[in-house]
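**Q** Sharing a structure with you now.
The values are calculated or read from the model by the stated rules, or taken from the named source; none is laboratory data. As the structure is a prediction and not an experimental result, all values here were calculated from the model. Cβ coordinates were reconstructed from backbone atoms using ideal geometry, including for glycine residues, and neighbour counts include every protein chain displayed. These accessible areas exclude ligands, DNA and RNA; they are computed on the full protein's heavy atoms, side chains included. Shrake-Rupley method; radii C 1.70, N 1.55, O 1.52, S 1.80 Å.
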Amino acid sequence: MACEILEMVADGLKIQPRNVLSKLMTDERSDSVFRLNHYPPCPDVVQSLKANVIGFGEHTDPQIISVLRSNNTSGLQISLRDGSWISVPPDHHSFFINVGDSLQVMTNGRFKSVKHRVVANSVKSRLSMIYFCGPPLSEKIAPLPSLMRGDQQSLYKEFTWFEYKTSAYTSRLADNRLMHFEKIAAS
Ligand SMILES: O=C(O)CCC(=O)C(=O)O
Ligand SMILES: [Fe+2]
């Protein structure tokens, strides 16, 4: 399914070949990961604090895309441009597809990796499973040449997936991990 989505993304962007993104995850060296998260209910804390108890702190996903499925318990929220948070309705029949930092770079910022977090539910436990499509470690993460028009420049310095991961290990979850790879605009 993740492959199909990446091929539909390529179609939508009108780029060839169709597997320009999906081949990164079908590659036998692909660094994809599957994660299961369990958030037990937090009744006392939520009620006594009358505030959000964070189950998973705010962050962007590093990979290309993330394919998430959860049970029927709410908790996942995404951050809007104005900094406010909105809830993603839980639906155990649907998949939630998230753009990761790598796809943001590969589309030179056209697709944005959106900040998200999970807040604890006071009554029910939340279960989620996520498939993160990661490229091979040696893969250069750079805007797809077929997307670059005229003299358009990359917004990012060149780096490999391994370099991104190494740099991410020294950062905090909420940090913009692409910051080290952004080109500084000349003034
Ligand atoms: O559990 C969720 O709904 C989201 C978890 C998440 O964002 C992650 O594992 O990267
Ligand atoms: Fe995430």
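**Q** Pop out the carbon and sulfur fraction of the accessible area of the chain as a percent, whole number, probe 1.4 Å.
**A** On the way: 6020 of 10680 Å².
Of all accessible area on the chain, carbon and sulfur atoms account for 56 percent.
**Q** Which whole-number percentage describes the relative contact order of segment 39-187, with Cα contacts under 8 Å and a sequence gap of 6 or more?
**A** Once divided by the residue count of segment 39-187, the mean separation gives 29 percent.
**Q** Here is a follow-up. In the neighborhood of Gln152, defined by Cβ-to-Cβ distances under 13 Å, what is the net charge if each Lys or Arg adds +1 and each Asp or Glu adds -1? Mind showing how you got there, number by number?
**A** Values: positive: Arg110, Arg149, Lys183; negative: Asp151.
It works out to a net charge of +2.
**Q** Taking only pairs that are 8 or more places apart or on different chains, how many Lys pairs in segment 2-181 have Cα atoms under 30 angstrom apart?
**A** 23
**Q** Compactness ratio of segment 66-107: Cα Rg over 2.2 N^0.38 Å, N = residue count? Can you show the working numbers first?
**A** Working: Rg = 12.1 Å, N = 42, 2.2 N^0.38 = 9.1 Å.
Here the Cα radius of gyration is 1.33 times the empirical estimate.
**Q** Would you tell me the accessible area of Phe111, worked out with a 1.4 angstrom probe on the heavy atoms of the protein chains, in Å² to the nearest 10?
**A** 60
**Q** For segment 2-181, what is the charge dipole size about the Cα centre, in debye to the nearest 20, if Lys and Arg each add +1 at the Cβ and Asp and Glu each add -1 at the Cβ? Mind showing how you got there, number by number?
**A** Numbers: 20 positive and 17 negative charges, 60 e Å.
Dipole about the Cα centre, nearest 20: 280 debye.
**Q** Return one whole number: the accessible area per residue of the chain in Å², for a 1.4 Å probe. The partial results should precede the final answer.
**A** Numbers: 10680 Å² over 187 residues.
I get 57 Å² per residue for the chain.
**Q** Just to make sure I understand: if all protein chains stay in place, what is the order of Glu158, Glu163, Glu182 by accessible area at 1.4 Å, largest first? Write down the numbers at each step before the final one.
**A** Details: Glu158 125, Glu163 90, Glu182 60 Å².
Of Glu158, Glu163, Glu182, the descending order of accessible area is Glu158, Glu163, Glu182.
**Q** How long is the chain along each principal axis, judged by its Cα atoms, biggest number first, in Å?
**A** For the chain, the Cα extents along the three principal axes come out at 56, 41, 28 Å.
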